[in-house]
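Right, one structure below, let's go through it.
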Protein chains: 2
Amino acid sequence: MNPGRDSRSVGLVTPQLARFEEPLLLACGRELSGYELVYETYGELNASRSNAVLVCHALSGHHHAAGYHSEADKKPGWWDECIGPGKPIDTNRFFVVSLNNLGGCHGSTGPRSINPATGRPWGPGFPPLRARDWVHSQARLADRLGIDCWAAVIGGSLGGMQAMRWALEYPGRVRHCVVIAAAMKLSAQNLAFNEVARQAILSDPNFAEGHYLERETTPAQGLALARMVGHITYLSDDAMANKFGRDLRTGTLDRGSESDVEFQVQSYLRYQGSQFSESFDANTYILMTRALDYFDLAREYDHDPVAAFRHSRCSFLVISFSTDWRFSPARSREIVDALIAADKPVTYTEIKADEGHDAFLMPIPRYLDVFRAYMKRVGDDH
Amino acid sequence: MNPGRDSRSVGLVTPQLARFEEPLLLACGRELSGYELVYETYGELNASRSNAVLVCHALSGHHHAAGYHSEADKKPGWWDECIGPGKPIDTNRFFVVSLNNLGGCHGSTGPRSINPATGRPWGPGFPPLRARDWVHSQARLADRLGIDCWAAVIGGSLGGMQAMRWALEYPGRVRHCVVIAAAMKLSAQNLAFNEVARQAILSDPNFAEGHYLERETTPAQGLALARMVGHITYLSDDAMANKFGRDLRTGTLDRGSESDVEFQVQSYLRYQGSQFSESFDANTYILMTRALDYFDLAREYDHDPVAAFRHSRCSFLVISFSTDWRFSPARSREIVDALIAADKPVTYTEIKADEGHDAFLMPIPRYLDVFRAYMKRVGDDH
């Protein structure tokens, strides 16, 4: 690619590191003595510091949401479809902050980091985290950047859950909350898939109860399996059918022998799994899926989402996708119903899309149009 | 239980073994020099030998479909809800044959059996099988029992696929074909889940490339994981929600610590997985899922299911369940549409049920009523 030539790209970006020395009290009751967050920014903070947007990533995401790290990069950041000049999150108007969550494995303090108390990697001893811990750690980053109030906090999937938590934890610091393909809490089926993914990792002998770094191994097979399970749930049945059908990679089925044949979908999944296992940390995966499992928007509000949302003071955009069966439109409608009952301003749209949960990353015209129109209002509203 | 006291149970049953010495040519081109099938029968064969019904089991099923093996048995056979005096497959009228498929691990010749050529267990060297191989092996059992023509061949899930294959391979030997919660072939998503299940087994070091019996190990963790994946797909999202919700086994989520808490659905899945891994053979699981993957009703009929069904000479009952997302009602309607286009008699019903794919094993009143009414016709029609 040539980032300089693409007028709709944010171009070359350089990650930055922020170190926080003040201890962070976590939801689990433990304290992190200090931590680092790696982040990127796109666009310029205006003089009134009123145009800042926080992008929250999903389960396996990271800070690199848009643009390129070098001229040689083949792929841009994970949400390049939505972030850039003229895109829904328009970097001509907004100052966009995207960070790697605490507990992550892409540069922020997490299980791969050194535990200062022991001088060895945290590994499985890293404290369990909740979405509110991310929100609190991010609030300090906002302080550091001089951002009193986000024009918008935006996220898809787990990122959407974080965005809602922001609206409840810091009602005075969020003007708009954009919640895409998310839910107020996981269903039993969601929990079940996460459990299978974790068991796949835990049962890989190379996981070594989480101490694989010290043993210089990596639970690649377990992590690959976990990803395969997750990946199936991100795609709709139709999307898989359209993408692969029952096509074979090679060979023929006629003779009924299987040594020389393999379905496309199977080799695709194996590839996805093995790619992921090379770039992700197993302890982080366990930590992130547990944060998802335990997320329950209204738990501290007597399990009443209406009571929970009454604390918010922002406007909401909620988006769901028709074939998303991981966080289905019904889950988004629950959010919308609670917001309406709490008398909060909310815009909702269900986008017709074949891509399942993954649709939130795709350039689906109506999705981008709705998102862009809403963000235009956000930009005008200050 | 006391089988003698339950007037709707077939009571105590004893499995029987049939040995076939004549070689069986398999779809893969290899030949099995001989084989054994373990089976049970319920009810009495009538003088005209016209009341025999074949029950085909699903992926992890076996021959023990109804009644009890001993007074101490706590649970009856896997389809006891549907087989017995006065039940849909009424043993007062029908002579029911239920067997363990070739390649199985409950007594029929399979990967755990001794390969006569080597004197050691077949293990991973057992030939790959197709549904047609099961049908051919079962036809010889029918010969042995003196059954020229089945009053009905009946199966759910993979068993339903076998029933359809019977109707095409031996059109003169099937009067009625009952296809429950099945499909003419697997979707890409089905293939993907089976792939994950197999990878879970293959990546367990105790699998030892299938030679675990000789090494006196067992890939219990891999098999448990495979079962967990499968199990999620057998249940609907709603069924899981009704059964478990987000209930905890112990403890509380308030503090956000996870050491003392666990969701019910997670411990349930782990229990299911570990139970299964003690009773099932890993090589058989791989063999059965591959047979499922490669099943494609119309492959040899130029991929035209109408042309395929034109070969059948029986009547069909097709049943699907509203929340079954493994083999959804849409898959059953494809079967029905092809049968109608082929001008074959077919009765179809979609049963409203919350239980997902597992519904075919459940005592859902309308399901049992429809099934019973059809089987009454089968019984009257000879």
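The values are calculated or read from the model by the stated rules, or taken from the named source; none is laboratory data. Predicted, not measured: the structure shown is a model, and the values here were computed from it. Using ideal geometry, Cβ is built from the backbone for each residue, glycine included, and neighbour counts are taken over all protein chains shown.
A few points about this structure:
- Given (1) among the aliphatic types (A, V, I, L, M); (2) at pLDDT 90 or above; (3) surrounded by 17 or more Cβ atoms within 10 Å (Cβ to Cβ), number of the condition A:V261 does not satisfy: (2)
- Contacts under 9 angstrom Cβ, first residue in the stretch B:319-337 being over 16 Å from B:A359 (Cα atoms), partner part of a helix (DSSP H, G or I), 6 or more apart: B:E334/B:P305; B:I335/B:G160; B:I335/B:M164; B:I335/B:P305; B:I335/B:F309; B:D337/B:P305; B:D337/B:V306
- Only residues that are among the hydrophobic types (A, V, I, L, M, F, W, C), within 19 Å of A:R132 (Cα to Cα) and either part of a loop (DSSP other than H, G, I, E, B) or modelled with pLDDT under 95 (or both) were counted in the stretch A:1-33, giving 3.
- Residue, nearest to the other protein chains (Cβ to nearest Cβ), within the stretch B:1-50, restricted to residues that are among the acidic types (D, E) and in contact (Cβ under 8 Å) with a residue 24 or more places away in the chain: B:E22
Quick grid of which residues meet (1) of a type in the set (D, E, K, R); (2) touching a helix residue (DSSP H, G or I) at 6+ places or on another chain (Cβ under 6 Å):
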| residue | (1), (2) |
| --- | --- |
| B:T323 | no, yes |
| B:F327 | no, no |
| B:S332 | no, no |
| B:D354 | yes, yes |
| B:A359 | no, no |
| B:V370 | no, no |
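- Put simply, of A:A151, A:A192, A:A167 the only residue that is of a type outside the set (F, W, Y) and within 20 Å of A:L26 (Cα to Cα) is A:A167.
- Considering only residues in the stretch A:208-237 that are under 30 Å from A:S322 (Cβ atoms) and more than 9 Å from every other protein chain (Cβ to nearest Cβ), the one that is surrounded by the most Cβ atoms within 10 Å (Cβ to Cβ) turns out to be A:A226.
- Here the condition is being of a type outside the set (K, R), at the interface with chain B (Cβ under 7 Å from one of its Cβ atoms) and touching a strand residue (DSSP E or B) at 6+ places or on another chain (Cβ under 8 Å); of A:A192, A:A181, A:A188, A:A241, it holds for A:A188 alone.
- Looking only at residues of the stretch A:131-149 that are surrounded by 21 or more Cβ atoms within 10 Å (Cβ to Cβ) and in contact with a helix residue (DSSP H, G or I) (Cβ under 6 Å, 6 or more places away or on another chain), we find that the one that is nearest to A:S315 (Cα to Cα) is A:V135.
- On the stretch given as the stretch A:350-372, residues that are of a type in the set (G, A, S) and closer than 19 Å to A:A65 by Cβ total 1.
- Filter pass, B:T91 being buried (at least 21 other Cβ atoms within 10 Å of the Cβ), polar (S, T, N, Q) and more than 27 Å from B:F327 (Cα to Cα): yes
- When A:A298, A:A330, A:A307 are screened for being away from every other protein chain (no Cβ under 14 Å) and not basic (K, R), only A:A307 passes.
- Any hit, the stretch B:54-73, residues being part of a strand (DSSP E or B), among the aliphatic types (A, V, I, L, M), in contact with a strand residue (DSSP E or B) (Cβ under 8 Å, 6 or more places away or on another chain) and modelled with pLDDT of 95 or more: yes
- Pick from the stretch B:270-279, criterion surrounded by fewer than 22 Cβ atoms within 10 Å (Cβ to Cβ) and within 19 Å of B:P111 (Cβ to Cβ), ranking: farthest from the other protein chains (Cβ to nearest Cβ): B:S279
- Restricting the stretch B:285-295 to residues that are more than 21 Å from B:I232 (Cβ to Cβ) and either of a type outside the set (A, V, I, L, M, F, W, C) or not in a helix (DSSP H, G or I) (or both), the residue that is farthest from the other protein chains (Cβ to nearest Cβ): B:F295
- Among residues of the stretch A:101-142 being assigned to a helix (DSSP H, G or I) and more than 14 Å from chain B (Cβ to nearest Cβ), the one that is farthest from the chain's Cα centre (by Cα) is A:G123.
- Test: A:I154 is at pLDDT 95 or above, β-branched (V, I, T), in a loop (DSSP other than H, G, I, E, B) and farther than 29 Å from A:L202 by Cα: no
- Pairs linking a residue in the stretch B:260-271 that is of a type in the set (V, I, T) to a residue that is outside any loop (DSSP other than H, G, I, E, B) and at pLDDT below 90, with Cβ atoms under 9 Å and 6 or more positions apart or on different chains, are B:V261/B:L248; B:V261/B:R249; B:V261/B:T250; B:V265/B:K243.
- Residue in the stretch A:166-184 that is farthest from the chain's Cα centre (by Cα), counting only those that are within 22 Å of B:G245 (Cα to Cα) and crowded, with 24+ Cβ neighbours inside 10 Å: A:A183
- Restricting the stretch A:32-80 to residues that are buried (at least 21 other Cβ atoms within 10 Å of the Cβ) and among the charged types (D, E, K, R), the residue that is nearest to A:L368 (Cα to Cα): A:D80
- Within the stretch A:107-129, residues that are in contact (Cβ under 8 Å) with a residue 40 or more places away in the chain have Cβ atoms under 7 Å from residues that are part of a loop (DSSP other than H, G, I, E, B) and among the basic types (K, R) in these pairs: A:P121/A:R112; A:P127/A:R30, counting only partners at least 6 apart in sequence or on another chain.
- Residue within the stretch B:270-277 that is farther than 22 Å from A:A197 by Cα and not hydrophobic (A, V, I, L, M, F, W, C) present: no
- Test: residue in the stretch B:354-374 that is touching a His at 6+ places or on another chain (Cβ under 6 Å), over 30 Å from B:I201 (Cβ atoms), more than 12 Å from chain A (Cβ to nearest Cβ) and not charged (D, E, K, R): no
- Only listed residue being touching a Ser or Thr at 6+ places or on another chain (Cβ under 8 Å) and either at pLDDT below 95 or part of a strand (DSSP E or B) (or both), chosen from A:S267, A:S277: A:S277
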